[in-house]
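All remarks here apply to the structure that follows.
What follows is calculated from the coordinates using simple rules that are stated; it is not laboratory data. Predicted, not measured: the structure shown is a model, and the values here were computed from it. Here the Cβ positions follow ideal geometry from the backbone for every residue, glycine too, while neighbour counts run over all protein chains shown.
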Amino acid sequence: MTISEVSKKYNLSQDTIRYYERIGLLPKVPRTKNGIRDFDEEACRWIEFIKCMRDAGMEIEILIKYVNLFRQGEGTVKERRKLLEEQREKLLAKQKSINETLDRLNYKIKLYDEIEAGIRKDFTEKI
């Protein structure tokens with residue numbers, strides 16, 4: 001796959017993909033005889049993983065640390081697991097905050113629905 005195809009498939013800019021390769025998050029991507037990147041299955045799996053971790057809010061520095069540990073092999077499993085567990089905790093906290101925000105929005109929307117429908121006549125809105 002060309003970088004253009006990978007960019008479209010994973011909804012990442014070509015510059016972002018090049019950046020991930022430059023900082024070592026992606027293994028060296030194979031190239032054609034003309035020097036054009038030719039993304040293979042392994043490179044695409046790495047892109048999927050990186051995109052997932054970035055979507056989960058993982059900082060680049062932590063992701064670099066994880067990838068470096070991964071490349072060191074089986075002896076780093078505990079450290080890698082710890083990094084993933086820490087990220088999960090951050091993501092769960094964010095999810096809790098989002099759920100609380102949704103609850104408040106839903107309450108306000110329901111309140112306005114009741115006002116518009118004439119169900120609620122004793123309306124005194126509080127923020």
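Some notes on this structure:
- Hits among lysines - C-alpha to C-alpha of Lys121 under 25 Å, sequence gap 8 or more where chains match: Lys108, Lys110
- Each label point was placed 7 Å from the Cα along the Cα-to-Cβ direction; for Cys52 and Asn106 their separation is 2.8 nm.
- Taking Cα extents along the principal axes in Å as calculated from this structure, the corresponding entry among [x] 102, 34, 22; [y] 71, 36, 19; [z] 74, 37, 19 is [z].
- In the chain, the DSSP-assigned H stretches of four residues or longer account for a calculated mean residue ellipticity at 222 nm of -22500 deg cm²/dmol, using -39500 (n - 2.57) per stretch and the full residue count as denominator.
- Annotation: lysines with alpha-carbon distance below 21 angstrom to Lys9 (same-chain offsets under eight excluded): Lys28, Lys51.
- In the range 22-96, a dipole from Cβ-located charges (positive for Lys and Arg, negative for Asp and Glu) runs towards its positive end, and of Ile62, Leu83, Gly73 it is Ile62 whose Cα lies farthest in that direction.
- Calculated from backbone phi, Karplus (6.51, -1.76, 1.60) coupling profile of the range 58-67 in Hz, x at Gly/Pro: 5, 6, 4, 4, 5, 5, 4, 4, 4, 4
- Each Lys and Arg adds +1 at its Cβ and each Asp and Glu adds -1 at its Cβ; summed about the Cα centre, the chain shows a dipole of about 320 debye.
- Signed unit charges on C-beta, dipole axis of the chain, positive-most listed residue Gln14, Ile109, Ser97: Gln14
- Tensor-based shape of the range 77-127 (alpha-carbon gyration tensor, a/c under 1.5 rounded, otherwise prolate or oblate): prolate
- Between amide H atoms placed 1.01 Å from N, distances below 5 Å from Arg120 occur with Ile115, all of them 5 or more places distant or on a separate chain.
- Angle between the chain longest axis and helix 77-116 axis [Cα atoms, degrees, rounded to 10]: 30 degrees
- GNM remark for the chain: springs join alpha carbons under 10 Å apart, and the peak mean-square fluctuation among Ile115, Ile98, Ile36 falls on Ile115.
- Under the Karplus curve 6.51 cos²θ - 1.76 cosθ + 1.60, θ = phi - 60°, whole-Hz ³J(HN,Hα) for the range 7-20, x wherever Gly or Pro sits: 4, 5, 4, 9, 6, 10, 6, 4, 4, 5, 4, 4, 4, 4
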